[in-house]
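Trainee: The structure follows.
The values are calculated or read from the model by the stated rules, or taken from the named source; none is laboratory data. Predicted model only: the values in this text are computed from it and were never measured. Here the Cβ positions follow ideal geometry from the backbone for every residue, glycine too, while neighbour counts run over all protein chains shown. Surface accessibility is based on the protein's heavy atoms, side chains included, excluding ligands, DNA and RNA. Shrake-Rupley method; radii C 1.70, N 1.55, O 1.52, S 1.80 Å.
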Amino acid sequence: MKEEILLTKVFEQPIYVTRPLLPNKEEVYKKIDEIWESKWITNNGRQLRNLEEKLKNHLKINNISLFNNGTMALILGLKSLNLRGEVITTPFTFPATTQALDWNNLTPIFCDIEPDTLNINADLIEPLITENTSAILAVHVFGNPCEVEKIQQVASKYNLKVIYDAAHAFGTIVNGKPIGSYGDMSMFSFHATKLFNTIEGGALTFNDNTLSEKLELLKNFGLKESEKVILSGLNAKMNEIQAAIGLEVLNSVEIERLKRDKIKRTYETHLQNIPGIRIITRLEKELSSYQYFVIEVDEVLFGKSRDWLQKELEKYNIYTRKYFYPLCSDFYWYKNNKSADSLSLPQAYKSVNQVLALPYYGDLSIQNVITICEIIRDLHINLN
Ligand SMILES: *Cc1c(COP(=O)(O)O)cnc(C)c1O
């Protein structure tokens, strides 16, 4: 009986976890006309240079280099820093983070995470440093900034490079400074699922001006002028269509953030006081990238597990995502890596079974957000 009452709330159309921010089509067509007329469709064209300038302003940084996707940006960014040996990183991230290390023949040393933000636990980094350590690769998980000052302190003490996977942190400000200005380098992803997108795309921001030229070479076969090949590179260039899409999407980002801010407040209000539900992503305005809305389900307090809740929500046509899942330290090719042992990563192994990203995108209606929260609340109440 109870079940029947609840199921009257089933959505007719599926509610997906995210929807891409699509630019105005007419404006995109205009840009495509420009590109057709110029016949310059990739290799540092006008759209790309224009987007670089706009993004420098938007992200408030001095140096940026654009790529065909965030993963290639990270692979080549690590390459440009001449790292060797071991890199201390987090197991709680998207596979691209540690795979970028793999492609550079660098060994990830997994450091446990901090329970509040689920970012790398800055207090646990120092004991993992050996004579083989060359860098720290941290991730601003769900856009919540890492403890950037503490990480820099440890890095400076041992002369390590600091690279941030800032794929979730577009436009975030920390301690009054833009997030991309911390560390030696930050990678942003412009994948379709990210707040700002170029369909596929990515960028590196960095403080050392001399890296610009090296990154240009690395993403274009090491070609200097047309006949000199001065290093072994790859092809990782962003093309003109991607850049044009980016220019148009950038015009909608602020409006999208405002919509997502409202949705976030609604979730926060309506999920309040449901036992066992904790909101991981914070509200503070400039601190938030409005990239995801993620909760943690405490099985004991809520009464059922995260996996149970996810399956129940599907019955209502609500699609959520276990993000991140699985842990990178669980990849089979790290089975001989001692730092990947679950015993040394208790918090990561706990959190990975509790996180759930809820539907989050500007066009999600406030009424639907309220209904999603009511369903979660009812599911909890009906357990007792
Ligand atoms: C999306 C994402 C990436 C990968 O970026 P792509 O642009 O899809 O290659 C890397 N790290 C994190 C944390 C991400 O969320």
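Trainee: Determine, yes or no, whether LEU74 is within 13 Å of the ligand (Cβ to nearest atom), at pLDDT 95 or above, surrounded by 15 or more Cβ atoms within 10 Å (Cβ to Cβ) and within 26 Å of the chain's Cα centre (by Cα).
Mentor: The answer is yes for LEU74.
Trainee: Got a sec? Which strands (runs of 3 or more DSSP E) wholly within the range 266-384 have at least 1 residues that are of a type in the set (D, E, K, R) and not assigned by TED's automatic domain parsing to the domain that holds ASN175? Full working, then the answer.
Mentor: Details: elements: 277-279, 293-297, 355-358.
Here the list reads 277-279, 293-297.
Trainee: A further question on this structure: Please identify the pairs in which a residue from the range 77-100 that is within 9 Å of the ligand (Cβ to nearest atom) has its Cβ atom under 7 Å from the Cβ atom of a residue that is open to solvent by 30 Å² or more (accessible area, probe 1.4 Å) and not small (Gly, Ala, Ser), counting only partners at least 6 apart or on another chain.
Mentor: Pairs found: ALA96/THR71; ALA100/THR71.
Trainee: Give the residue that is surrounded by the fewest Cβ atoms within 10 Å (Cβ to Cβ), with candidates limited to residues of the range 334-384 that are within 22 Å of the chain's Cα centre (by Cα) and charged (D, E, K, R).
Mentor: ASP363
Trainee: Here's another thing I want to ask about it. ASN82 fails exactly one of the following numbered conditions: (1) open to solvent by 30 Å² or more (accessible area, probe 1.4 Å); (2) touching a Ser or Thr at 6+ places or on another chain (Cβ under 8 Å); (3) under 30 Å from LEU345 (Cα atoms). What is the number of that condition?
Mentor: Among (1) open to solvent by 30 Å² or more (accessible area, probe 1.4 Å); (2) touching a Ser or Thr at 6+ places or on another chain (Cβ under 8 Å); (3) under 30 Å from LEU345 (Cα atoms), the lone unmet condition for ASN82 is (2).
Trainee: For the range 147-173, enumerate the residues that are under 30 Å from ARG321 (Cα atoms), away from the ligand (no atom under 12 Å from the Cβ) and of a type outside the set (Gly, Ala, Ser).
Mentor: Listed by number, the residues that qualify are GLU147, VAL148, ILE151, VAL162, THR172, ILE173.
Trainee: So which helices (runs of 4 or more DSSP H) stay within the range 4-97 end to end and still have 2 or more residues that are closer than 21 Å to GLY171 by Cα and in contact with a helix residue (DSSP H, G or I) (Cβ under 8 Å, 6 or more places away or on another chain)?
Mentor: In the range 4-97, 46-59, 70-80 are the helices (runs of 4 or more DSSP H) which contain 2 or more residues that are closer than 21 Å to GLY171 by Cα and in contact with a helix residue (DSSP H, G or I) (Cβ under 8 Å, 6 or more places away or on another chain).
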